[in-house]
Amino acid sequence: MRKNIVAGNWKMNKNLKEAKDLIKGIKKGVSSKKSKGKRVIVAPSFVNLNSAVKRTEKSIIEVAAQNMHEAKSGAFTGEVSADMLSEIGIEIVILGHSERRSIFAESNELLAKKVDTALANNLEVIFCFGESLEDRKSEKHFEVVETQLRESLFHLLKENFSNIILAYEPVWAIGTGETASPEQAQEMHAFIRQVLEKEYNKELADSVSILYGGSVKPANAEEIFSKPDVDGGLIGGASLKPKDFLAIVEAI
Ligand code: PEP
């Protein structure tokens, strides 16, 4: 059955000392008893992953990478492979974040390759997708989301989805302070389950965790998470302060 998940995407923030302090702060507020049945994930930058893995060893906090290259190894200056992540104890990778798509031109096709590589290396994938403001204004949001899923994920086998967490992140709500309303989030999440059911089956559609991302904060988390098809959140800005992040974890 699907789990409630709160994942913090730290992006290119926090130096080593700040990352240690942030983990320390989060650790203080989560315990296996308090956070029963929830997953709490943090995604620091590549250089701080090793330290984060060590510092979360005896806690329920899991550590994810924010990206990964699709090739096994080779002449890809500045890139990091799945193997390198696994070697330092990373078991989760975020793929397809809208900043990777828009700033680094990652396409649905490229993301399909990254997903394959991640799964082949036993990494769980938090797969991000979502429409732009233009798509929403022109009422193409459902079509765009379905295409993103189709072109990057629908070559997978049913069993692969036990290692996929979906994160619906409307681009217009990321880092903008503008949040999709709980109704808009629910509407899209229900649509995503319908698409999964059509392509695979109901059992699979009901078993995949679908996170919402886009300006989730302590003040709006509870209402968004109360929707039946929203299984948690992928949090950017509000994941950088222990107090805010913990309040969001509490809200799920
Ligand atoms: C994100 O970058 O995934 C995100 C949801 O950011 P924010 O919470 O800051 O909108």
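The values are calculated or read from the model by the stated rules, or taken from the named source; none is laboratory data. Quick caveat, the model's predicted, so the values are computed rather than measured. Quick reminder, even Gly has a Cβ in these numbers, built from the backbone with ideal geometry, and neighbours come from all protein chains shown.
Laid out as a table, the results:
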{"quantity": "Sole exception among (1) within 16 Å of the ligand (Cβ to nearest atom); (2) crowded, with 20+ Cβ neighbours inside 10 Å; (3) assigned to a helix (DSSP H, G or I) for K114, by number", "calculated": "(1)"}
{"quantity": "Residue list for the range 122-155, restricted to those being polar (S, T, N, Q), closer than 28 Å to I90 by Cα and buried (at least 17 other Cβ atoms within 10 Å of the Cβ)", "calculated": "Q148, S152"}
{"quantity": "The range 226-239, residues that are within 14 Å of the ligand (Cβ to nearest atom) and either out of contact with any Lys or Arg (no Cβ under 7 Å at 6 or more places or on another chain) or of a type in the set (D, E, K, R) (or both)", "calculated": "V230, G232, G233, L234, I235, G237, S239"}
{"quantity": "Out of K243, K217, sole residue that is among the charged types (D, E, K, R) and over 18 Å from the mean Cα position of the chain (by Cα)", "calculated": "K243"}
{"quantity": "Residue tally, condition of a type in the set (G, A, S) and in a helix (DSSP H, G or I), over the range 164-202", "calculated": "3"}
{"quantity": "Test: residue in the range 194-210 that is closer than 20 Å to N4 by Cβ, modelled with pLDDT of 95 or more, buried (at least 16 other Cβ atoms within 10 Å of the Cβ) and within 11 Å of the ligand (Cβ to nearest atom)", "calculated": "no"}
{"quantity": "Sole exception among (1) of a type in the set (D, E, K, R); (2) away from the ligand (no atom under 12 Å from the Cβ); (3) surrounded by 15 or more Cβ atoms within 10 Å (Cβ to Cβ) for K217, by number", "calculated": "(2)"}
